[in-house]
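*Asks:* Sharing a structure with you now.
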Amino acid sequence: MSRKITIKAFKYNPLSKISKPHFNTYELEETSGMTLFVALNQIRENFDPDLSFDFVCRAGICGSCAMLVNGKPQLACRTLTKDYEDGVIELMPLPVFKLIKDLSVNTGEWMAAMNSRVESWIHTTKVTDISKQEEKVDPELAQKTFELDRCIECGICVAACGTAIMRNDFIGAVGLNRIARFRVDPLDERTDEDFYELVGDDSGIFGCMSLLGCEDQCPKHLPLQNQIAFIRRKMASVK
Ligand code: SF4
Ligand code: FES
């Protein structure tokens with residue numbers, strides 16, 4: 001049986017001199033299998049064409065639709081309205097990231113800075129000869145690398161992290177997962193000493209307070225805490 005749901009969406013345009021942060025409330029008829037993606041599009045089509053939010057893939061792949069849903073960071077395209085028993089859903093933009101407008105934040109700028117900080121690319125002295133066959137990689141190591149490469153840079157682990165909310169230079173679980181990914185990749189020649197130079201301080205591996213918010217909320221179920229604990233042990237034994 002269908003029911004009415006209430007969506008309260010945060011609205012604010014930081015670029016407008018007259019805009020003030022507030023919530024707008026919308027009442028919708030819930031449909032079968034309704035996600036927040038569907039609900040927000042209905043709101044934009046029928047009530048508020050000015051409401052800003054981000055979606056690309058609608059399938060939990062691109063990572064662009066993360067927002068706070070009743071206080072928890074989640075992918076809106078993978079969130080079903082039926083899971084909210086009282087039918088009241090409050091939406092806010094992710095904290096930590098720069099607010100663009102309403103529910104839209106600039107995760108791209110933050111992720112670009114993080115990737116640059118952890119030098120998120122293969123470091124090798126070998127010169128690639130494209131006329132030759134690619135170097136073979138042990139399938140087990142390749143699988144371990146791919147496992148950690150499943151991150152979609154949605155920013156949820158950052159928004160769920162006490163340290164990231166308190167200090168804006170913390171690279172978050174997403175950044176530490178990048179270190180774990182390149183550390184396991186046999187094509188990357190960096191040593192633990194090299195990784196220590198990048199993340200061996202309180203804005204890196206030693207800033208994590210092990211609150212587990214990152215792993216609890218990661219939509220890709222990445223083993224973030226195991227990886228962080230492992231990297232912390234390795235970094236603590238450097239020097
Ligand atoms: S580690 Fe998980 S929560 Fe964090 S950015 Fe990647 S996919 Fe999102
Ligand atoms: S729209 Fe791509 S993950 Fe939600």
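*Asks:* Is there a quick way to get the dipole size of the chain? I mean about its Cα centre, with the Cβ of Lys and Arg at +1 and of Asp and Glu at -1; what is the value in debye to the nearest 20? It would help to have the intermediate numbers written out before the result.
*Replies:* Details: 29 positive and 34 negative charges, 80 e Å.
So the magnitude is around 380 debye.
*Asks:* Here is a further query. Can you tell me the Rg and the Dmax, both Å, for the Cα atoms in the chain?
*Replies:* Considering the chain through its Cα atoms, Rg and Dmax are 20.5, 64 Å.
*Asks:* In deg cm²/dmol, rounded to 500, what helix-only [θ] at 222 nm does the chain give when every DSSP H run of at least 4 residues adds -39500 (n - 2.57) and the total is split over its residues?
*Replies:* -9500 deg cm²/dmol
*Asks:* Hey, what did the stretch 101-239 get for relative contact order, percent, Cα under 8 Å, at least 6 apart?
*Replies:* The value is 29 percent.
*Asks:* With only Lys, Arg, Asp and Glu charged, each at its Cβ (+1 for the first two, -1 for the last two), find how big the charge dipole of the stretch 4-104 is about the Cα centre; round to the nearest 20 debye.
*Replies:* 440 debye
*Asks:* Please identify the longest segment of the chain free of exposed GluC sites (Glu not before Pro), where exposed means a DSSP state other than H, G, I, E or B and no more than 11 other Cβ atoms within 10 Å.
*Replies:* With a cap of 11 other Cβ atoms within 10 Å, the longest stretch comes to 136-239.
*Asks:* Hey, another quick one. Per residue, how many Å² of accessible area does the chain show with a 1.4 Å probe?
*Replies:* Numbers: 13160 Å² over 239 residues.
Per residue, the chain has an accessible area of 55 Å².
*Asks:* Using the Karplus curve 6.51 cos²θ - 1.76 cosθ + 1.60 with θ = phi - 60°, work out ³J(HN,Hα) for each residue of the stretch 159-167 in order, rounded to whole Hz, and write x for Gly and Pro.
*Replies:* 5, 8, 9, x, 5, 4, 6, 7, 9
*Asks:* Can you compute the charge dipole magnitude of the stretch 152-196 about its Cα centre, using +1 on each Lys and Arg Cβ and -1 on each Asp and Glu Cβ, nothing else charged? Give it in debye, rounded to the nearest 20.
*Replies:* Details: 5 positive and 8 negative charges, 54 e Å.
The calculated dipole for the stretch 152-196 is roughly 260 debye.
*Asks:* Here's another thing I want to ask about it. If I compute solvent accessible area with a 1.4 Å probe over the protein chains, what percent of it on the stretch 1-88 is carbon and sulfur?
*Replies:* Values: 2650 of 5100 Å².
About 52 percent, which is the carbon plus sulfur part of the accessible surface.
*Asks:* Related question: In what sequence, highest mean first, do 95-107, 120-132, 166-178 appear when ranked by Cβ atoms within 10 angstrom?
*Replies:* Listed from highest to lowest mean packing, they are 166-178, 95-107, 120-132.
*Asks:* Ordered by packing density, taken as the mean number of other Cβ atoms within 10 Å over each peptide's residues, highest first, how do 218-228, 11-21 rank? Write down the numbers at each step before the final one.
*Replies:* Working: 218-228: 18.2, 11-21: 11.2.
For the peptides 218-228, 11-21, the packing ranking is 218-228, 11-21.
The values are calculated or read from the model by the stated rules, or taken from the named source; none is laboratory data. All values reported here derive from a predicted model rather than from experimental measurement. Cβ sites come from the backbone with ideal geometry, for glycine too, and all protein chains shown count toward neighbours. With ligands, DNA and RNA removed, areas are computed over all heavy atoms of the protein, side chains included. Shrake-Rupley method; radii C 1.70, N 1.55, O 1.52, S 1.80 Å.
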